[in-house]
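Student: The structure is given below, and queries will be raised subsequently.
The values are calculated or read from the model by the stated rules, or taken from the named source; none is laboratory data. Just so you know, these numbers come straight off a predicted model, no measurement behind them. Neighbour counts are summed over all protein chains in view; Cβ atoms, including those assigned to glycine, are modelled from backbone coordinates with ideal geometry.
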Amino acid sequence: MSSPERASAAAPAPWTADEARAAGLTEMGRRPPLRTYLSLLWSRREFALLVPLGEMRQRNMDTLLGSSWHVLNPLFQAGIYYLLFGVLLQQRGGVDNYPAWLIIGLFLFGLTQKSIQSSTRIIVTKAAMLRSLNFPAGILPISVNLSELLAFLPAVAVMLFVVLVTGESPSLLWVLLVPLIALQLLMNLGLSLTVSRLTVHFRDLDNLLTHLLRMWMYFSGVLFPIDAAPEGWIREALRINPPHTFLATARGLLLDGTLDVRSATFAAGWAVLALVGGLLFFHRYEGRYSNVA
């Protein structure tokens, strides 16, 4: 037998597609099934946490107060809005503890706002990383939301401190703030997955979202009570507005010592709907995010 014939006989047969999948290999640029995709996301959970921890250390490193700005910025914002609506315009809407009411609204809505804004261009800016490293693109919006959550935790302590010093008494219901923020994180993640994919197709969405989120804040009862809106379907629509359901639940827990079951139910529903919808929408384009120019 000649040398070429011996080499041909010794060469292994190429793998079939079924054999490759059985060995855990996947075709580049191919979208895995949803169950496999969720498993891949879970297997990269450490990476999803390491990225925001690194970003947290780098944020505001060149400023004197460093990470304190995560708390100072919303506090300054609350002071400006209180001076405008609470003092100059006297638009408190019958709220007794308006400073604490305003702080709760600004801090919680700020978490959603920052999570969405930070996720908008994450796929576009990290496309080179997706081309050079093998990991599911969904890790990027997840890491952004974890980063914003870590930055938000000190603000929770400040928020509770303001509630206490303005005359409110602590209650066992305050513990429910933990699952409420967890639900809000799930909603934020679903919305982040949605906008991060949309920005791949429509780059102008980044600029447009700034105005949409500001309008959303005004319609969510952050600065003044929804009861100030005209009676009828408008007021009811504003009451089931996703951010307002979280704000109403949190304000009931911290200021009134009560659980607004209706708002809490809607909040849980919005969290599930946003997460499932955002995950399905984002997953349908998986495998092509690395081709983003």
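Student: Among (1) charged (D, E, K, R); (2) farther than 30 Å from residue 124 by Cα; (3) assigned to a helix (DSSP H, G or I), which single condition is residue 206 missing?
Tutor: Among (1) charged (D, E, K, R); (2) farther than 30 Å from residue 124 by Cα; (3) assigned to a helix (DSSP H, G or I), residue 206 violates only (2).
Student: Here's a follow-up. If the requirement is being on the phi < 0 side of the Ramachandran plot and either in contact with a helix residue (DSSP H, G or I) (Cβ under 8 Å, 6 or more places away or on another chain) or β-branched (Val, Ile, Thr) (or both), which of these qualifies: 198, 212, 208? It would help to see each step written out before you state the result.
Tutor: Numbers: 212 fails: either in contact with a helix residue (DSSP H, G or I) (Cβ under 8 Å, 6 or more places away or on another chain) or β-branched (Val, Ile, Thr) (or both); 208 fails: either in contact with a helix residue (DSSP H, G or I) (Cβ under 8 Å, 6 or more places away or on another chain) or β-branched (Val, Ile, Thr) (or both).
Just one listed residue meets the conditions, 198.
Student: Continuing with this model, one more query. Return yes or no: is residue 266 crowded, with 18+ Cβ neighbours inside 10 Å and not in a loop (DSSP other than H, G, I, E, B)? Spell out the reasoning first.
Tutor: Details: crowded, with 18+ Cβ neighbours inside 10 Å: yes; not in a loop (DSSP other than H, G, I, E, B): yes.
Yes; evaluated as a whole, the condition is true for this residue.
Student: Do any residues in the stretch 199-221 that are in contact (Cβ under 8 Å) with a residue 12 or more places away in the chain have Cβ atoms under 6 Å from those of residues that are among the charged types (D, E, K, R) and in a loop (DSSP other than H, G, I, E, B), where the two are at least six apart or on different chains, and which pairs are they?
Tutor: Taking only residues 6 or more apart or on different chains, the pairs are 199/121; 206/121.
Student: List the number of the failed condition for residue 257; all other conditions in (1) more than 23 Å from the chain's Cα centre (by Cα); (2) crowded, with 16+ Cβ neighbours inside 10 Å; (3) of a type outside the set (A, V, I, L, M, F, W, C) hold.
Tutor: (2)
Student: Then there is this: Step by step: first the residues of the stretch 133-176, then only those that are touching a Lys or Arg at 6+ places or on another chain (Cβ under 7 Å) and assigned to a helix (DSSP H, G or I), then the one that is surrounded by the most Cβ atoms within 10 Å (Cβ to Cβ). Which residue is that?
Tutor: Taking the stretch 133-176 and keeping what is touching a Lys or Arg at 6+ places or on another chain (Cβ under 7 Å), we get 135-136, 139-140, 148.
Retained after the next criterion (residues that are assigned to a helix (DSSP H, G or I)): 139-140, 148.
Values: 139: 20, 140: 23, 148: 25.
Among residues in the stretch 133-176 that are touching a Lys or Arg at 6+ places or on another chain (Cβ under 7 Å) and assigned to a helix (DSSP H, G or I), the one surrounded by the most Cβ atoms within 10 Å (Cβ to Cβ) is 148.
Student: Please work out which residue is farthest from residue 120 (Cα to Cα), limiting yourself to the stretch 191-203 and to residues that are assigned to a helix (DSSP H, G or I) and of a type outside the set (S, T, N, Q).
Tutor: Keep residues of the stretch 191-203 that are assigned to a helix (DSSP H, G or I), which gives 191-201.
Filter again for of a type outside the set (S, T, N, Q), leaving 191, 193, 195, 197-198, 200-201.
Working: 191: 10, 193: 9, 195: 6, 197: 8, 198: 8, 200: 9, 201: 11 Å.
For the stretch 191-203, the residue satisfying everything is 201.
Student: Got at least one residue in the stretch 262-279 being more than 27 Å from residue 36 (Cα to Cα) and more than 20 Å from the chain's Cα centre (by Cα)? Working first, answer last.
Tutor: Step one: of the stretch 262-279, the residues more than 27 Å from residue 36 (Cα to Cα) are 262-267.
Add one more test, that the residue is more than 20 Å from the chain's Cα centre (by Cα), and what stays is 262.
Within the stretch 262-279 (the criterion being more than 27 Å from residue 36 (Cα to Cα) and more than 20 Å from the chain's Cα centre (by Cα)), the answer is yes, since at least one residue qualifies.
Student: Every residue in the stretch 100-125 that is basic (Lys, Arg) and either touching a Cys at 6+ places or on another chain (Cβ under 8 Å) or surrounded by fewer than 20 Cβ atoms within 10 Å (Cβ to Cβ) (or both), please.
Tutor: In the first step, residues of the stretch 100-125 are kept if they are basic (Lys, Arg); the result is 114, 121.
Matches in the stretch 100-125: 121 only.
Student: Under 6 Å between Cβ atoms, which residue pairs at least 6 apart in sequence (or on different chains) link something in the stretch 33-54 that is within 22 Å of residue 148 (Cα to Cα) with a partner that is aromatic (Phe, Trp, Tyr) and at pLDDT 80 or above?
Tutor: Going by the 6 Å Cβ cut-off, the qualifying pairs are 44/135.
Student: I would also like to ask the following. Assuming residue 95 fulfils every condition listed in (1) surrounded by 19 or more Cβ atoms within 10 Å (Cβ to Cβ); (2) modelled with pLDDT under 85; (3) of a type in the set (A, V, I, L, M, F, W, C) apart from one, which condition is it?
Tutor: (1)
Student: Based on what the data block shows, is residue 116 within 11 Å of the chain's Cα centre (by Cα), in a helix (DSSP H, G or I) and touching a residue at least 40 places away in the same chain (Cβ under 8 Å)?
Tutor: Working: within 11 Å of the chain's Cα centre (by Cα): yes; in a helix (DSSP H, G or I): yes; touching a residue at least 40 places away in the same chain (Cβ under 8 Å): yes.
Against the criterion (within 11 Å of the chain's Cα centre (by Cα), in a helix (DSSP H, G or I) and touching a residue at least 40 places away in the same chain (Cβ under 8 Å)), residue 116 qualifies.
Student: Could you identify the single residue in 245, 199, 194 that is modelled with pLDDT under 95 and closer than 20 Å to residue 116 by Cα?
Tutor: Numbers: 245 fails: modelled with pLDDT under 95; 194 fails: modelled with pLDDT under 95.
Step by step, each of 245, 199, 194 is checked, and only 199 is modelled with pLDDT under 95 and closer than 20 Å to residue 116 by Cα.
Residues are listed down the side, and each one gets a yes or a no for (1) under 12 Å from the mean Cα position of the chain (by Cα); (2) closer than 12 Å to residue 115 by Cβ:
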{"residue": "144", "(1), (2)": "yes, yes"}
{"residue": "148", "(1), (2)": "yes, yes"}
{"residue": "152", "(1), (2)": "yes, yes"}
{"residue": "159", "(1), (2)": "no, no"}
{"residue": "164", "(1), (2)": "no, no"}
{"residue": "168", "(1), (2)": "no, no"}
{"residue": "182", "(1), (2)": "yes, no"}
{"residue": "185", "(1), (2)": "yes, yes"}
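Student: Look through 237, 267, 228 and report the one residue that is under 27 Å from residue 170 (Cα atoms) and of a type in the set (A, V, I, L, M).
Tutor: Testing whether each residue is under 27 Å from residue 170 (Cα atoms) and of a type in the set (A, V, I, L, M) leaves just 267.
Student: Which of the residues belonging to the stretch 177-225 are acidic (Asp, Glu) and either more than 17 Å from residue 141 (Cβ to Cβ) or buried (at least 22 other Cβ atoms within 10 Å of the Cβ) (or both)? Break it down into steps so the answer makes sense when it comes.
Tutor: Going through the stretch 177-225, the residues acidic (Asp, Glu) turn out to be 204, 206.
Passing the criteria: only 204.
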